Amino acid sequence: MVPLVEQVVYLGGGTGGEQEFNWWFDPEAAQIAVNTPFPHRTVVPLDVGISVLKTDLKPSLGRFFARSPELPAWDAVAAAIALDPALATDRADVGVTVGGSGTMNLGPGSISLVLALDQERFRQTLQSVRD
């Protein structure tokens with residue numbers, strides 16, 4: 001099955017030592033996921049998505065983010081990067097290991113780690129999906 005999947009985009013971890021809930025809750029599963037040898041793997045860490053609050057998007061997206069509008073749009077950022085990889089304006093090729101408490105540890109490797117996001121293009125992408 002793995003050879004049939006072209007790309008996987010993971011949301012999780014943090015480059016500043018942050019713990020993302022799912023990686024913290026089950027670090028073993030997160031480690032298995034990031035080590036599965038898909039041809040192209042991208043990790044979108046929390047710190048990339050935290051820069052875009054749902055309240056910033058609310059005027060153009062109406063009720064799309066009506067629940068918990070004060071939270072960052074983490075899931076939407078990861079999904080948008082899966083749709084349009086050019087939204088990631090800075091990346092690094094790294095190896096990822098998940099620590100026992102869900103922390104993301106970086107080393108040499110071939111996983112594309114997103115470091116920055118084109119926020120205006122992201123907003124446009126969300127608007128086009130909504131329309």
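Mind counting the residues in segment 99-117 that are buried (at least 17 other Cβ atoms within 10 Å of the Cβ) and either over 18 Å from Glu20 (Cβ atoms) or touching a Phe, Trp or Tyr at 6+ places or on another chain (Cβ under 6 Å) (or both)?
Of the residues in segment 99-117, 1 are buried (at least 17 other Cβ atoms within 10 Å of the Cβ) and either over 18 Å from Glu20 (Cβ atoms) or touching a Phe, Trp or Tyr at 6+ places or on another chain (Cβ under 6 Å) (or both).
Which is surrounded by fewer than 19 Cβ atoms within 10 Å (Cβ to Cβ) and under 18 Å from Ala82 (Cβ atoms), of Thr36, Thr15, Thr42?
Thr36
When you look at Val48, is it crowded, with 16+ Cβ neighbours inside 10 Å, modelled with pLDDT of 90 or more, within 23 Å of Thr36 (Cβ to Cβ) and in contact with a strand residue (DSSP E or B) (Cβ under 8 Å, 6 or more places away or on another chain), yes or no?
no
Is it true that Val34 is closer than 25 Å to Val2 by Cβ, part of a strand (DSSP E or B) and modelled with pLDDT of 90 or more?
no
Among what's in segment 81-98 and is in contact with a strand residue (DSSP E or B) (Cβ under 7 Å, 6 or more places away or on another chain) and not in a strand (DSSP E or B), pick the residue that is surrounded by the fewest Cβ atoms within 10 Å (Cβ to Cβ).
Ala82
The values are calculated or read from the model by the stated rules, or taken from the named source; none is laboratory data. Every value quoted in this text rests on a predicted model; they were computed, and no experiment measured them. As a convention, Cβ positions derive from the backbone with ideal geometry for all residues, glycine included, and neighbour counts pool all protein chains shown.
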